[in-house]
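> This structure is in structure tokens; I'll ask about it shortly.
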Amino acid sequence: MEAPLIEFRNVTKRFGANTVLENVNLQIYEGQVTTIIGLSGTGKSVLLKHIIGLLKPDEGAILFRGVPLNEMKGAEKSSYFAKMSYMFQGNALFDSMTVYENIALPLLETTNLGKAEIDRRVRARIEQAELSDAVDKYPSEISGGMQKRVALARALVTDPRIVLFDEPTTGQDPVRKNVILSMVAEYHRRFGFTAIMVSHAIPDVYYISNRILALYDRRIVFQGTPEELEEFDHPFKDEVIKSLESLQDELTGFFSRRQFKIRYLAELAGRTARDKFVLIFFTLGQLDKLASSLGYETEQEAIRCFGAYIEKHFGATGGFSTRRGNDEFITILPFSDLDEAEGLLKSFVKDFQEQGARDIQECSLKDAPLGECVELILNAGIAQGQTGLQIDSIVNAARQKQTEIGRIRCGENQDFI
Amino acid sequence: MASNTIDRNNPSGTGRHGPADLVSLPFTAIGRRSIRWVNNLGAATIFLFLAIAGIFRPKQLIKAVQQVYFIGARSVTIIALVSLFTGMVLGLQSYYALVKFGAQGALGTLVALSLVRELGPVLTAIMITARAGSAMTAEIGIQRISEQIDALDTMRIDPLRYLISPRITASLISFPLLTAFYDLIGIFGGYVSGVLLLGGVNAGTYYYRVQSSLDLKDVTDGFIKSIVFAVIVSMVCSYQGYFAHMRTDSHGAKAVGLATTSAVVLSCVLILVADYVVTSLLI
């Protein structure tokens, strides 16, 4: 396994008599999105502040590429901190500065770039964060969601290699929450930085995280992928995940991944090995393109509208669905065999061709700039499941069988089935 | 009876003080306060030196000019008003005192020396503390509790260089200039009351006495004092705001309020103490 970028070894932190972190051991790998989850007030932000040097451990060591921070020389330490950026939970925007000045500040104060170059970089970030209308406004004059985006733009304006996000989605509605997570994921893909995030947004963070770290009772009790977390057997799961995880995916109204699994197991209970069911795997392609052309909000609206369309079509026949990733959707038809499911999918495509694509297009583009549009590709694959088979193997089988079943085009649609 | 008394802070009665502890308690409290005081003094000294070092680092000019505008230019009106009436009261009181000895011709001397040596630097510093020093503490304190100073740290912007150094620079520029302005208007105030309103002193005599009784040393001593006061006020006010979150008596907005009060009170006291010390050294 590759060497960790950042590592905590037996880190302990106390505030007076209160021990917040005790013998914390963790590894963060380069280029990944790592999310730290845990209940409020358990020391997640404290942990994050140790990484950026705002707090120092009372015991233990923090290593960067194997070198303890407390043994680094001045220049080496500055080079470590120069790679980082931090997005505060409360945004920490300078309230006496405009949005533009807030975003430009790190460049003005820490680089020798010319005014024109600084302006170019700041304008680019403003555009990406969809803040063009708020350039000359003060933080108190814009909404909480916009303030988050200003903080995000400021954190990314120096092109950092490591970005720390302290609860970036707090206080956001479901669409905005997913817009911010989508921005983080997109920026992470585009710029290749290492993202370390503290979040309560379960299950939303699973869609963009490579690794999850679980902080419980002052220690890290789990490190692994979101899939591995599903199999993790620990009181953390009952006490923390269940309390944080909403029963539904807030954006689409689908079951959360965990609830989906519970429903799946409940449907299979009492069935014989001969009873069959069908799983349909959908992918909504080119969402990245949509986000970069028309904004993250339009992207999330498209996901929401497509989710609603699936629910409308398959919900009536007893189907239940969940999201697998940002652009991946799974629907299980518990009472259908393969032939019947193919018939249902054909009817879905026909309806999609006649009306659905237009509805989704209108629904997702309602806030997009007039006259602008991006084509989306809809893929689907069907696999038959039966009692005893692992859900993941059925999902993989359906994913591999995916073919293009239609496109959501500007003003028209075309289907291929 | 004593055995029935329950200590509200320690209802279980564990850790009660014995007779030996009761004797040592006052010494413990004094020791603790002394250590805290020495710690604060050390922290303030390091704070001051780092902030002064920040003055000479790049990208400071614009921020310093902005602070000169806030601390200096925007204090002109209040300084003009206070100095005019100080000079007028001084002229009025001194005239009636001097006239008893038939020495009303010395009014210009008395007004000029009082203002240039003492009242000018001291009252200017106190007025700037009230107007700009309190604002300085409140602004920095709010930036502290809303994590804006932590944000500067994470952006590799030295908060002392960015926030404190320009304020010290601006104070060092503004205090002597405002003191000079105060002296001028104050002398004019003495002229208004002693010459124009009371009419007991000839205008030529008044200005001749002002001119002949003032040495260059009086003026430079006044400026030296104003520079000392500039360091005291900017340091105390910035320090109180910068460490508002470390206060043990309160938190959040209340801590900023108390820090502002402490900054103004402490600055005024230190101005008067320093005035005596500097005067005794210069005289």
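The values are calculated or read from the model by the stated rules, or taken from the named source; none is laboratory data. Every value quoted in this text rests on a predicted model; they were computed, and no experiment measured them. Every residue, glycine as well, gets a Cβ built from its backbone with ideal geometry; the counts of neighbours run over all protein chains shown. Accessible surface is based on the protein model in full, side chains and every heavy atom, while ligands, DNA and RNA are left aside. Shrake-Rupley method; radii C 1.70, N 1.55, O 1.52, S 1.80 Å.
> In the stretch B:52-201, what percent of the accessible surface is made up of carbon and sulfur (1.4 Å probe, ligands and nucleic acids excluded)? Provide the component values of the computation, followed by the final result.
Working: 4290 of 6040 Å².
Roughly 71 percent of what the probe reaches on the stretch B:52-201 is carbon or sulfur.
> While we're looking at this one, here's another question. Considering only the other residues whose Cβ falls under 14 Å of the Cβ of B:SER75, what net charge follows from Lys and Arg at +1 and Asp and Glu at -1?
Numbers: positive: B:ARG74, B:ARG131, B:ARG167; negative: none.
It works out to a net charge of +3.
> Next question, about the same structure. Quick one: which residues, 5 or more positions from A:ASP58 or on another chain, have an amide H under 5 Å from its amide H? H modelled 1.01 Å from N in the peptide plane, none for Pro or chain starts.
Residues meeting the amide H criterion: A:THR12, A:LYS13, A:ARG14.
> To continue, here is another question. Counting alpha carbon pairs within less than 8 Å and at least 6 residues apart, what relative contact order, in whole percent, applies to the stretch B:38-190? List each step's numbers first, then the result.
Numbers: 134 pairs, mean separation 79.0, N = 153.
For the stretch B:38-190, the relative contact order is 52 percent.
> Still on this model: Any chance you could give the angle, 0 to 90 degrees and rounded to 10, that helix B:134-145 forms with the longest Cα principal axis of chain B?
20
> Could you compute how much accessible surface A:LYS56 exposes when probed at 1.4 Å, giving the result in Å² to the nearest 10?
Surface accessible to solvent at A:LYS56 totals approximately 140 Å².
> Determine, from the Cβ-Cβ distance of A:ASP359 and A:SER292 and an R0 of 30 Å, the FRET efficiency 1/(1 + (r/R0)^6), rounded to the nearest 0.05. Please report the intermediate quantities before stating the final value.
Details: r = 24 Å, r/R0 = 0.80.
After rounding to 0.05, the efficiency reads 0.80.
> Residue-wise, which Karplus ³J(HN,Hα) couplings in Hz belong to the stretch A:55-65, taking 6.51 cos²θ - 1.76 cosθ + 1.60, θ = phi - 60°, and x for glycine or proline?
So the Karplus estimates, Gly and Pro as x, are 10, 10, x, 6, 9, x, 9, 10, 10, 10, 6 Hz.
> Here's something else I'd like to know. Given H placed on each backbone N at 1.01 Å, which residues far from A:ILE405 in sequence or on other chains put an amide H within less than 5 Å of it?
Sorted by chain and number, the residues that satisfy this are A:LEU378, A:ASN379, A:ALA380.
> Going by the alpha-carbon gyration tensor, a ≥ b ≥ c the square roots of its eigenvalues, is the stretch A:211-354 rounded (a/c under 1.5) or, if a/c is not under 1.5, prolate (a/b greater than b/c) versus oblate? Mind dumping the intermediate values first?
On the way: a/c = 2.57, a/b = 1.25, b/c = 2.06.
Since a/c reaches 1.5 but b/c is at least a/b, the shape of the stretch A:211-354 is classed as oblate.
> Taking 2.2 N^0.38 Å as the expected size of a compact globular protein, what ratio does the Cα radius of gyration of chain B give against it, to two decimals?
1.30
> Might you tell me the accessible area per residue for chain A, computed with a 1.4 Å probe and given in Å²? Provide the component values of the computation, followed by the final result.
Values: 17490 Å² over 417 residues.
Dividing the accessible area of chain A by its residue count gives 42 Å².
> Heavy-atom accessible surface, probe 1.4 Å, ligands and DNA/RNA ignored: which residues of the stretch A:84-118 lose at least 40 Å² versus the isolated chain?
Output list: A:PHE88, A:ALA92, A:PHE94, A:GLU109, A:THR110.
> Working out 0.36 nm times the residue gap between A:ARG271 and A:ARG123, then minus their Cα-Cα distance, what length gain in nm do you get to one decimal?
On the way: separation 148, 0.36 × 148 = 53.28 nm, distance 5.93 nm.
Residue separation times 0.36 nm, minus the Cα-Cα distance, leaves 47.3 nm.
> How much accessible area per residue does the stretch B:193-278 have, counting only protein heavy atoms and a probe of 1.4 Å, in square angstrom? If you can, show how the numbers build up before the last one.
On the way: 4250 Å² over 86 residues.
Result: 49 Å² of accessible area for each residue.
> Filter the cross-link list A:LYS13/A:LYS77; A:LYS312/A:LYS346; A:LYS115/A:LYS289; A:LYS289/A:LYS346; A:LYS56/A:LYS77; A:LYS49/A:LYS115 down to pairs whose alpha-carbon distance in this structure exceeds 25 Å.
On the way: A:LYS13/A:LYS77 21 Å; A:LYS312/A:LYS346 15 Å; A:LYS115/A:LYS289 31 Å; A:LYS289/A:LYS346 27 Å; A:LYS56/A:LYS77 14 Å; A:LYS49/A:LYS115 32 Å.
In this structure, A:LYS115/A:LYS289; A:LYS289/A:LYS346; A:LYS49/A:LYS115 lie more than 25 Å apart at Cα.
> Would you work out which of A:ALA383, A:SER96, A:LEU48 lies farthest towards the positive end of the dipole of chain A? Charges go on Cβ: Lys and Arg +1, Asp and Glu -1.
A:LEU48
> Identify, among B:ALA97, B:ALA29, A:ASN70, the residue whose Cα sits farthest towards the positive end of the charge dipole of the protein assembly as shown, taking +1 on the Cβ of Lys and Arg and -1 on the Cβ of Asp and Glu, with the dipole about the Cα centre.
Working it through, the farthest residue towards the positive pole turns out to be B:ALA97.
> What dipole magnitude, in Debye to the nearest 20, does the stretch A:57-97 give about its Cα centre under +1 on Lys/Arg Cβ and -1 on Asp/Glu Cβ?
Working: 4 positive and 5 negative charges, 52 e Å.
For the stretch A:57-97, the charge dipole is close to 260 debye.
> Of the options A:TYR207, A:THR170, A:GLY192, report the single residue whose Cα projects farthest towards the positive end of the charge dipole of the stretch A:170-219 (beta-carbon charges: Lys, Arg +1; Asp, Glu -1).
Farthest towards the positive end: A:GLY192.
> Using a 1.4 Å probe on protein heavy atoms only, how many Å² of accessible area do B and A hide from each other, summed over both chains and rounded to 100? Don't skip to the end; give the middle numbers.
Values: alone 15620 and 18260 Å², together 32290 Å².
Separately minus together, B and A give about 1600 Å² buried.
> Could you order A:MET183, A:MET97 so the one with the most accessible surface comes first? Probe is 1.4 Å.
Working: A:MET183 0, A:MET97 30 Å².
Output order, biggest surface exposure first: A:MET97, A:MET183.
> Return the average number of partner chain Cβ atoms within 10 angstrom of each residue Cβ along peptide B:153-166. Each step should come with its number before you reach the end.
Details: counts 5, 14, 14, 9, 5, 2, 0, 0, 1, 2, 0, 0, 0, 0.
Other-chain Cβ atoms within 10 Å of each residue's Cβ, averaged: 4.
> Next up: Under 10 Å, Cα contacts only: if you run a Gaussian network model on chain B, which one of B:ASP158, B:ASP218, B:ASP249 comes out with the highest mean-square fluctuation?
Looking only at B:ASP158, B:ASP218, B:ASP249, the biggest GNM fluctuation is shown by B:ASP249.
> Oh, and also: Could you order A:SER40, B:SER114, B:SER34 by accessible surface area, starting with the largest, using a probe radius of 1.4 Å? Kindly include the intermediate steps, with their values, before the conclusion.
Working: A:SER40 90, B:SER114 35, B:SER34 55 Å².
Final ranking, largest accessible area leading: A:SER40, B:SER34, B:SER114.
> Once you sort the root eigenvalues of the Cα gyration tensor of chain A as a ≥ b ≥ c, which label holds: rounded (a/c under 1.5), prolate (a/b larger than b/c) or oblate (the other case)?
Values: a/c = 2.40, a/b = 1.37, b/c = 1.75.
Taking the square roots of the gyration eigenvalues as a ≥ b ≥ c, chain A is oblate.
> Mind checking which helices in chain A clear 15 Å along their axis (Cα) and have mean Kyte-Doolittle hydropathy of -0.5 or more, DSSP H runs only? It would help to have the intermediate numbers written out before the result.
Numbers: long enough: A:99-110 (18 Å, 0.65); A:115-128 (20 Å, -1.36); A:144-156 (18 Å, 0.15); A:174-191 (25 Å, -0.22); A:257-268 (17 Å, -0.75); A:296-314 (27 Å, -0.64); A:338-351 (19 Å, -0.20).
Passing helices, by number: A:99-110, A:144-156, A:174-191, A:338-351.
> What is the stretch A:1-70 by shape, rounded, prolate or oblate, if you read a ≥ b ≥ c off the alpha carbon gyration tensor as root eigenvalues and call it rounded for a/c under 1.5, prolate for a/b larger than b/c, and oblate otherwise?
Values: a/c = 2.13, a/b = 1.40, b/c = 1.53.
In terms of gyration-tensor shape, oblate.
> Let me ask another. In whole Å, how far is the Cα centre of the stretch B:173-216 from that of the stretch B:152-172?
So the separation of the two Cα centres works out to 38 Å.
> Now a separate question. Counting only protein heavy atoms and using a 1.4 Å probe, what share of the accessible area of the stretch A:66-207 belongs to carbon plus sulfur, as a whole percent? Write out the running numbers ahead of the final one.
Values: 2610 of 5420 Å².
Within the stretch A:66-207, the accessible surface is 48 percent carbon and sulfur.
> Still on this structure: Taking 2.2 N^0.38 Å as the expected size of a compact globular protein, what ratio does the Cα radius of gyration of the protein assembly as shown give against it, to two decimals?
Values: Rg = 34.9 Å, N = 700, 2.2 N^0.38 = 26.5 Å.
In units of the 2.2 N^0.38 Å rule of thumb, it is 1.32.
> Another question about this same structure. Mind telling me which of A:ASP233, A:ASP159, A:ASP288 comes out most flexible in a GNM of chain A, alpha-carbon contacts under 10 Å?
It is A:ASP233.
> In degrees from 0 to 90, rounded to the nearest 10, what is the angle of the helix B:165-191 Cα long axis to the longest principal axis of chain B?
40
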